[in-house]
Structures are given as C-alpha cells and as structure tokens.
Amino acid sequence: EAGVAQSPRYKIIEKRQSVAFWCNPISGHATLYWYQQILGQGPKLLIQFQNNGVVDDSQLPKDRFSAERLKGVDSTLKIQPAKLEDSAVYLCASGGQGAYEQYFGPGTRLTVT
Amino acid sequence: GDSVTQMEGPVTLSEEAFLTINCTYTATGYPSLFWYVQYPGEGLQLLLKATKADDKGSNKGFEATYRKETTSFHLEKGSVQVSDSAVYFCALSAAGNNRKLIWGLGTSLAVNP
C-alpha cells in the first residue's frame, strides 16, 4: 500500500512570496490533515478535512494560509504572503474511516528568507 | 482539556541499554494512545498504539501498556540500537474531539555505539 505522498520535499522562498504544497493521501482515506512543525517542537494541526469538507481549521492563520481538497482526495496548502516565521516542516497525514491513527507523509521543509 | 505530558529530553544512552520514555495523559473518556517516531529529516511514523485499558502495543522491540489507573503510556525497549536515535512523540486521540491528535512535546533519544 502506497503511503502519503507530498511535494515538494524542500522549498526556499523569500518573505512576501507565495508557496503551495501538495498532498496525496493513502487511497481510500477519508480524513486528511495538514500540520506545521517548527524545529524542535511537536506538530501543530492547521486544518482537518473529512472528504472534501473542513472539520477543523481553528488554528489556520486564514489571513495568509488557505487549503483545499476539492475532490475529496488530494489537497493543496497555500501560503500567501509568506513570513519568516512560516519556516517549518509542513506535514500531511491521512486517516481511514472510523480510525484514530494517522499516517504521515515525509513533509515539505519550507525556508523563508 | 485533553493533554499529554512527556519526559523531557534529550535522552542519551549507550547501545544495548534499557529505554523508558515516560508519558502521562489527561483526557475525558477513553482515548486511544499512540507513540510516533520521527527520524532525522523524515516525517512521523506510527510506532505503536493501544485503544483500551491494559492493551499493550508493540513494534520493533518497543512496547507500551495503556494504564488507565495511572493515566500512563510509557514507552520501553529492552536493548536500544544506534538506529533508534530519533524523536519520540506520545499522542492521544479522543472520540469526542473529531479524532484530533493531542501531542506531547517529544523526547529526543541519542544512542551511542
């Protein structure tokens, strides 16, 4: 079974530029999560989708971050404009229907200069 | 609200030493409990899980037992290897919280040959 795929793996941008990350979850997983992990810290949930609907986006900085999962499969997370403090690893995870555990992709390491 | 407390790191051990990483939790109801591992430069991997009291999760020589009476889920391994060097995260998921994972801060483990 293929795992969660993410791209790109690394991205370097200047502040005020925009960036987008892509995630393809494990086939059949209804729930998709985006996390931000700052170096040395645990993951922070940004947004949770159930199929193509948003379940929780309470910690998403909506003035600059947006995410979509239009067909209930893959998802895109965008930052526009980026700030220095957005430098982090962005992790995507997915979970099966009725399951509690989440399966993570390799992450995208974003550096904002 | 729900929370997870892990022992602080870093933990440094010699190869073949015994490992314990303490994890305690606060939650209403009966959460599922997880240990995730993050190797350098990689995403989070589910290491083991337990979904009810007295369950023992095990994988790759690691074990943890769900202790409801002490609200604990301590991670143990009898003989660590250099390849076990990573950051270990304890997490819980409660049914009434959209199955959101509540994370500990992580414990860094370094194993020296």
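Details
- The set of residues from the stretch A:59-113 being surrounded by fewer than 20 Cβ atoms within 10 Å (Cβ to Cβ) and among the polar types (S, T, N, Q) comprises A:Gln59, A:Ser66, A:Thr76, A:Gln80, A:Ser87, A:Gln97, A:Thr111, A:Thr113.
- Positions within the stretch A:55-113 being in contact (Cβ under 8 Å) with a residue 60 or more places away in the chain and among the β-branched types (Val, Ile, Thr), in sequence order: A:Ile79, A:Thr108, A:Thr111, A:Val112, A:Thr113
- Inside the stretch A:55-113, residues that are of a type in the set (Asp, Glu) and within 20 Å of A:Gly40 (Cα to Cα) make up a count of 2.
- Test for B:Gly1: is it at pLDDT below 95, closer than 28 Å to A:Leu39 by Cβ and among the small types (Gly, Ala, Ser): yes
- Among the residues of the stretch A:100-113, at least one is over 30 Å from B:Gly57 (Cα atoms) and part of a loop (DSSP other than H, G, I, E, B).
- In the stretch B:58-67, residue farthest from the other protein chains (Cβ to nearest Cβ) [restricted to those that are small (Gly, Ala, Ser) and over 18 Å from B:Ile102 (Cα atoms)]: B:Gly61
- Test: residue in the stretch B:6-22 that is in contact (Cβ under 8 Å) with a residue 12 or more places away in the chain, more than 30 Å from A:Pro8 (Cβ to Cβ), within 14 Å of chain A (Cβ to nearest Cβ) and among the acidic types (Asp, Glu): yes
- Candidate set from the stretch B:1-30 (those that are in a strand (DSSP E or B) and either hydrophobic (A, V, I, L, M, F, W, C) or over 16 Å from the mean Cα position of the chain (by Cα) (or both)); member that is farthest from B:His74 (Cα to Cα): B:Ser14
- Strands (runs of 3 or more DSSP E) within the stretch B:68-113 that include 2 or more residues at the interface with chain A (Cβ under 10 Å from one of its Cβ atoms): B:86-93, B:101-103
- Residue that is nearest to the other protein chains (Cβ to nearest Cβ) [pool: residues in the stretch B:31-46 that are touching a residue at least 24 places away in the same chain (Cβ under 8 Å) and outside any strand (DSSP E or B)]: B:Pro31
The values are calculated or read from the model by the stated rules, or taken from the named source; none is laboratory data. All of these numbers come straight from a predicted model, not from anything done at the bench. Neighbour counts are summed over all protein chains in view; Cβ atoms, including those assigned to glycine, are modelled from backbone coordinates with ideal geometry.
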